[in-house]
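Written out below as structure tokens is the structure these notes cover.
The values are calculated or read from the model by the stated rules, or taken from the named source; none is laboratory data. It should be emphasised that the depicted structure is a prediction, and the values quoted were computed from it without experimental measurement. So basically every Cβ, Gly included, is an ideal-geometry build from the backbone, and we count neighbours across all protein chains shown. Heads up: the accessible areas ignore ligands, DNA and RNA and are worked out on the full protein's heavy atoms, side chains in. Shrake-Rupley method; radii C 1.70, N 1.55, O 1.52, S 1.80 Å.
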Amino acid sequence: MAPTVPSPRAPIDDDPARWYEDELGWATLAGPPVALATGLRFDVLELPAAAGRGVLRRVGAATGPAALAGHRMRLLVAAGSAEELPGLLDWLEWGGIALDLAVLGPDGRMTAPLPPGRGGSGAPDAAVWLRAPVPGREVESSLPVLRAAPWGAGGGPPCLVRLVAAAAAECHRVRLLSARARGPAAQQLPPQRFASS
């Protein structure tokens, strides 16, 4: 009987675009670096990393995937959320207030973090997942979405209203703390109207 030789292993695929396309079904844009197309399967709420950490503390598991790239955090939200953000901020009484809060929707792009379990690039500002999407699940069904259910109602995807309210409050808090740390220069901030959430 001849000894059996195991079949050669498939080479490890170091192409992150293939992981996003094959495992999650997300559209990628050629890099370097590889980017994820926004507005198709998800939109992205982008805010300062310090504010993003506050949001993650406030809303806990009620967020979808979250990534960090340098000093910016990116929270994935349901596709179509980009169009809702200005009206939602007005409704939450944050309209007209300078918030370092942006949204990426149709025709946008987000630098693709390396897929989970892959070694980092070593670059200090490289995009990384804080809460990675999980292959084999319908990721989009777990993204925050604008819904009519009461805030306390359980089940279903996370509530976009709660996420945006927390993000606006945290962005404002970070801005005020930054102004306080600058001291006298903080007096140069434009006056702002009262906002509550």
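Key figures for this structure:
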read-out	value
Some residue of segment 127-135 being open to solvent by 30 Å² or more (accessible area, probe 1.4 Å), under 26 Å from residue 14 (Cβ atoms) and free of Cβ contacts under 8 Å to residues at least 40 places away in the same chain	yes
Selection from segment 103-119 of residues that are modelled with pLDDT under 95 and surrounded by fewer than 17 Cβ atoms within 10 Å (Cβ to Cβ)	107, 116, 117, 118, 119
Selection count, segment 21-50, where residues are within 13 Å of the chain's Cα centre (by Cα) and farther than 22 Å from residue 160 by Cα	0
Answer from 98, 61 - the residue that is modelled with pLDDT under 95, open to solvent by 30 Å² or more (accessible area, probe 1.4 Å), under 15 Å from the mean Cα position of the chain (by Cα) and not β-branched (Val, Ile, Thr)	61
Which listed residue, of 18, 58, 53, is farther than 16 Å from residue 165 by Cα and of a type in the set (Lys, Arg)	18
Among (1) modelled with pLDDT of 80 or more; (2) in a loop (DSSP other than H, G, I, E, B), the one test that residue 168 misses	(2)
